[in-house]
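> Have a look at the structure that comes next, please.
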Amino acid sequence: MAKHQFQTEVNQLLHLMIHSLYSNKEIFLRELISNASDALDKLKYLTLTDEKYKELKFDPRIEISFDSDKKTLTIKDSGIGMNQEDLVEHLGTIAKSGTKSFVEKLTGDAKKDSNLIGQFGVGFYASYMVADKVEVITKKAGENEAYSWISDGKGEYEIASASRDEQGTTIILHLNDEGKEYSSRWGVKSVIEKYSNHIPYPIFMEFKEKEYDDKGEEKGEVQKREQANAATALWKLSKSDIKEQEYNDFYKTISHDNEDPMLCVHTKAEGTLEYTTLFYVPKKAPMDLYRVDYKAGVKLYVKRVFITDEEKELLPTYLRFVRGIIDSEDLPLNVSREILQQNRILANIKSASVKKILSELKKLSKDSEKYAEFIKEYNRPLKEGLYQDFTNKEELLELVRFKSNKVDGWVSLAEYKDRMKADQKAIYYITGENENNLKNSPLLEAYKTKDIEVLIMADEIDEIVIPSIGSYKETELKSVNRTDTADDLKSEKDETAAKEIEETLKKMKEILGEDVKDVKASVRLSDSPSCLVVDQNDPTAQMAHMFRAMGQEMPKTLPILEINPTHPIVLKLKTMEDKELFEDVTRLLFEQAMLLDGAILKNPSEFAKRLNSILSKAI
Ligand code: ADP
Ligand code: MG
């Protein structure tokens, strides 16, 4: 017998399982049955594809039994099983990134934490919500040794040799007060029906029933066995035979989510290619959505045989939040996992699936309230799609949403275009770090005066994605952060005003020297004296910052300072004799433009000094 310590994260998780009163404790059974089903899937695949396992006697099933006196619940499967290393690795540590980040989010506040559990399947460890001791007896397919694993969930577990006839895993829960209702047939049956009805393997319940003679007197007890689930693959049934509730329950089984999905798309294709897909969009974005090591959400089946749940390319990366199943009738069963990505059949299923999902989202977008929920969670991945998926660019352009300086809430490009002024030349947008700052940016002043709508792009990836769009239905998208964009607004009056401060601008440029690329007269300012823009082909400050953060070298680019030729300060500068004051004001105009652009001043103490010197003159 050997004692082992749980990994720290597991301890945290177990502590939570034991101490927080989580109202949805029944999910422990869903998790254990889902593990048993995964283990059966794995072995089934091997018996069909690997010579070594072809001779193995394999009767895939899950058996559930109880002992109400001893208060135990036993879940037994004939799946792949685990050896000693597997036990240590899978039931002593957390490998999955998703779970780790989940644990990192735990606060120690039982109420908040149990909300988190609801958003995240915690797998095997959920047993400790209902049991104060868990025993695992397991034997790996193709190996001779069986092992037991025992733990009360408090810091350590023990592994020892054991005996078990066939391969597979038996899990014995010693139920606590929270879990005592699960030591009987009735407590368990309803949970199985809810979550595991469509696990594609039979789940048998074994229970004792009292027998009576003709006179109605108790004769004794008999052992009975009944199948507790339908054991049909839900996605193979026809749509009309499936109730919404069943779709939702099945979603919970495959996603480990406790909430109903936001969207469900069930498709059967018959023709040159025969396949079934069942896709779901979760209400809340998966926790690992923005991690490089996110878990794939779609499982691949061939003729109902599970092939893999690790293939991330079944759908494009930007749809990685989609959960569900692809079941193909045309792929060979022994399709090697390695060549899946190059498979032509799969490629066709993939592109048809993407079209289907996008068209369902289009339908969803007709309901603005529901669609706002979707956008709140998934606008960003959709934007990723804009530069990953050129074939569906048109569809994606209809689906993404933006903020705007004109209305609250989300705006589509179609709505923007509808509202455009008759003589408006382009779709205008501003990029930067903070929605509120952007809305108040001096760059928007002239657009406000002329009542032209500007889209507010505060999402980091907008800097990369939006310029790549080019145009929407033949209308160009233009960034107001760039110099030339303002040419659209130019009038003759502006030209004259610019001429009049030419000399002043020259002097200002001499003072600012290497800090700016140029100093120009602005046509976009009305209230503010100055603002910063970038040259037409230079990266914006945020873009440069982002690329540097990704380790890329970026040449240093300088901003262009634009000056409002009719602003009172600027008019005063024109005739100013005091050279020192002129220099201070010039620098302050530059520095305030930098601050409004979200930049950090290189020399804040100099800035304060200048400001104070001018203040003391003013007071
Ligand atoms: P997940 O199922 O998401 O991987 P779990 O905590 O539910 O996380 O299970 C952890 C791991 O333990 C599984 O990935 C699997 O390798 C192993 N495991 C759990 N239950 C079984 C079982 N009944 N048979 C074989 N392996 C199992
Ligand atoms: Mg699991």
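> Name the one entry in Leu615, Leu589 that is more than 22 Å from Glu435 (Cα to Cα) and either within 48 Å of the chain's Cα centre (by Cα) or in contact (Cβ under 8 Å) with a residue 40 or more places away in the chain (or both).
Leu589
> OK, next. Give the number of residues within region 38-80 that are within 15 Å of ligand 2 (Cβ to nearest atom) and either surrounded by fewer than 20 Cβ atoms within 10 Å (Cβ to Cβ) or not in a helix (DSSP H, G or I) (or both).
Count: 7.
The rows are residues; the columns are (1) assigned to a loop (DSSP other than H, G, I, E, B); (2) exposed (fewer than 14 other Cβ atoms within 10 Å of the Cβ); (3) more than 29 Å from the chain's Cα centre (by Cα); (4) touching a residue at least 12 places away in the same chain (Cβ under 8 Å).
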| residue | (1), (2), (3), (4) |
| --- | --- |
| His4 | no, no, yes, yes |
| Asn11 | no, no, no, yes |
| Leu16 | no, no, no, yes |
| Leu29 | no, no, no, yes |
| Ile94 | yes, no, no, yes |
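> Right, another one. Since Leu300 meets every condition but one in (1) under 27 Å from Phe390 (Cβ atoms); (2) in contact (Cβ under 8 Å) with a residue 40 or more places away in the chain; (3) of a type outside the set (Gly, Ala, Ser); (4) not in a strand (DSSP E or B), which condition does it not meet?
So the condition that Leu300 fails would be (4).
> Looking at region 275-297, can you tell me whether even one residue there is among the polar types (S, T, N, Q) and under 20 Å from Ser351 (Cβ atoms)?
yes
> Does region 360-389 hold any residues that are within 20 Å of the chain's Cα centre (by Cα), open to solvent by 10 Å² or more (accessible area, probe 1.4 Å) and either within 21 Å of Thr267 (Cα to Cα) or without any contact (Cβ under 8 Å) to a residue 40 or more places away in the chain (or both), and which are they?
Scanning region 360-389 gives Glu360, Lys362, Leu364, Ser365, Ala372, Lys376.
> Examine region 120-127 for a residue that is of a type outside the set (Lys, Arg), more than 8 Å from ligand 1 (Cβ to nearest atom), at pLDDT below 90 and open to solvent by 20 Å² or more (accessible area, probe 1.4 Å), and state whether such a residue exists.
Among the residues of region 120-127, at least one is of a type outside the set (Lys, Arg), more than 8 Å from ligand 1 (Cβ to nearest atom), at pLDDT below 90 and open to solvent by 20 Å² or more (accessible area, probe 1.4 Å), which makes the answer yes.
> Separate question: Give, as residue ranges, the helices (runs of 4 or more DSSP H) completely inside region 453-535 that count at least 1 residues that are aliphatic (A, V, I, L, M) and open to solvent by 50 Å² or more (accessible area, probe 1.4 Å).
462-469
> Okay, next question. Going through Ile345, Ile307 one at a time, which residue ends up being away from ligand 1 (no atom under 16 Å from the Cβ), open to solvent by less than 20 Å² (accessible area, probe 1.4 Å) and not polar (S, T, N, Q)?
Ile307
> Would you mind telling me which numbered condition in (1) over 22 Å from Arg61 (Cβ atoms); (2) touching a residue at least 60 places away in the same chain (Cβ under 8 Å); (3) not hydroxyl-bearing (Ser, Thr, Tyr) Glu274 fails?
Answer for Glu274: the failing condition is (2).
> Moving on to the next point. Looking at Lys283, is it touching a Ser or Thr at 6+ places or on another chain (Cβ under 9 Å) and open to solvent by 50 Å² or more (accessible area, probe 1.4 Å)?
Criteria not met by Lys283.
> Related question: For region 254-268, does any single residue satisfy the condition of being part of a helix (DSSP H, G or I), open to solvent by less than 30 Å² (accessible area, probe 1.4 Å) and either among the basic types (Lys, Arg) or within 16 Å of ligand 2 (Cβ to nearest atom) (or both)?
Yes, that holds for at least one residue.
> Do any residues in region 129-143 that are within 16 Å of ligand 2 (Cβ to nearest atom) and assigned to a helix (DSSP H, G or I) have Cβ atoms under 9 Å from those of residues that are at pLDDT below 95 and of a type in the set (Phe, Trp, Tyr), where the two are at least six apart or on different chains, and which pairs are they?
The qualifying pairs are Met129/Tyr22; Met129/Phe28.
> One residue is enough: does region 216-224 have a residue meeting the conditions more than 16 Å from ligand 1 (Cβ to nearest atom) and touching a Leu at 6+ places or on another chain (Cβ under 9 Å)?
Within region 216-224, none of the residues are more than 16 Å from ligand 1 (Cβ to nearest atom) and touching a Leu at 6+ places or on another chain (Cβ under 9 Å).
> While we're on this one: Quickly run through region 237-246 and pick out the residues that are farther than 18 Å from Arg304 by Cβ and not charged (D, E, K, R).
Ser240, Gln245
> Identify, please: which residue in region 81-90 is part of a helix (DSSP H, G or I) and open to solvent by 10 Å² or more (accessible area, probe 1.4 Å) and is, among those, nearest to ligand 1 (Cβ to nearest atom)?
Selected residue: His90.
> I would also like to ask the following. Take the residues in region 429-452 that are of a type in the set (Ser, Thr, Tyr) and within 20 Å of Ser530 (Cβ to Cβ); name whichever of them is surrounded by the fewest Cβ atoms within 10 Å (Cβ to Cβ).
Top of the filtered list is Thr449.
> Restricting attention to region 1-55, and to residues there that are more than 16 Å from ligand 1 (Cβ to nearest atom) and small (Gly, Ala, Ser), which single residue is nearest to Trp149 (Cα to Cα)?
Ala2
> With respect to the numbered conditions (1) assigned to a strand (DSSP E or B); (2) closer than 26 Å to Leu73 by Cβ, which one is the sole condition not fulfilled by Lys219?
(2)
> Give the residue, chosen from Asp330, Asp288, that is at pLDDT below 90, in a loop (DSSP other than H, G, I, E, B) and open to solvent by 10 Å² or more (accessible area, probe 1.4 Å).
Testing whether each residue is at pLDDT below 90, in a loop (DSSP other than H, G, I, E, B) and open to solvent by 10 Å² or more (accessible area, probe 1.4 Å) leaves just Asp288.
> Also, I was wondering about something else. Residues to consider are Glu377, Glu311, Glu360, Glu369; find the one that is more than 24 Å from Asp260 (Cα to Cα) and among the acidic types (Asp, Glu).
None of the others qualify; the one that does is Glu311.
> Mind listing whichever residues of region 218-250 are more than 21 Å from Val302 (Cβ to Cβ), modelled with pLDDT under 95 and crowded, with 18+ Cβ neighbours inside 10 Å?
Within region 218-250, Ala228, Asn229, Asp249 meet the criteria.
> Would you confirm, using the coordinates I've provided, whether Ser161 is away from ligand 1 (no atom under 16 Å from the Cβ) and either modelled with pLDDT of 95 or more or part of a helix (DSSP H, G or I) (or both)?
Taking the combined requirement at face value, the residue satisfies it.
> May I pose another question? Could you tell me whether region 132-144 includes any residue that is crowded, with 19+ Cβ neighbours inside 10 Å, within 34 Å of the chain's Cα centre (by Cα) and either at negative phi or not acidic (Asp, Glu) (or both)?
yes
The values are calculated or read from the model by the stated rules, or taken from the named source; none is laboratory data. Predicted model only: the values in this text are computed from it and were never measured. Cβ atoms come from the backbone with ideal geometry, glycine included; neighbour counts cover every protein chain shown. Keep in mind that these areas ignore ligands, DNA and RNA; they rest on the heavy atoms of the full protein, side chains included. Shrake-Rupley method; radii C 1.70, N 1.55, O 1.52, S 1.80 Å.
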